[in-house]
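Remarks on the structure that follows.
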Amino acid sequence: MGEETLVDDYRLIAPITLPSNGQAPGEVKPISENDEYDAYFRIEHEDDMSQGDWVHTVLTVAEKVRADLPATSLEDGEQAQILDGIAIILQHTLQQMAS
């Protein structure tokens, strides 16, 4: 992936890497193009992100979110919505790999 930047994250949120445009590869409706959003969620952008790096990022984030959900105060329906979102990005990633 890209060159590592050392930032004291206070063990809160480890940075993740996304393609430089901040979007999943392929045709995806952009949700946010806001630098503040990226800073809050510790999102870094990379110009030449490989498909393998993208898959690694998606799987890592999906697993960490799934593992965190039981400890949240989110209602079951809210947790289900998050899991639905994860399923959508996993399906999109697989479709991109297959094409």
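The values are calculated or read from the model by the stated rules, or taken from the named source; none is laboratory data. Everything quoted here is computed from the prediction, not taken from an experiment. Virtual Cβ from ideal backbone geometry, glycine too; neighbours counted across all protein chains shown. Just the protein is used for accessible areas: all its heavy atoms, side chains included, with ligands, DNA and RNA removed. Shrake-Rupley method; radii C 1.70, N 1.55, O 1.52, S 1.80 Å.
Mind checking which pairs have a first residue in the stretch 67-82 that is surrounded by 12 or more Cβ atoms within 10 Å (Cβ to Cβ) and a second that is polar (S, T, N, Q) and in a helix (DSSP H, G or I), Cβ under 9 Å, 6 or more apart or different chains?
Going by the 9 Å Cβ cut-off, the qualifying pairs are L69/Q79; L74/Q81.
Report the residue count in the stretch 65-99 for those that are more than 25 Å from E27 (Cα to Cα) and part of a helix (DSSP H, G or I).
10
Of the conditions (1) part of a helix (DSSP H, G or I); (2) surrounded by 10 or more Cβ atoms within 10 Å (Cβ to Cβ); (3) at pLDDT 85 or above, E44 satisfies every one except a single condition; which number is it?
For E44, the failing item is (1).
Part of a loop (DSSP other than H, G, I, E, B) and either open to solvent by 60 Å² or more (accessible area, probe 1.4 Å) or at pLDDT 75 or above (or both): does that describe K29?
So K29 fits the description; yes.
Please tell me if G52 is surrounded by fewer than 12 Cβ atoms within 10 Å (Cβ to Cβ) and in a helix (DSSP H, G or I).
Answer is yes for this residue.
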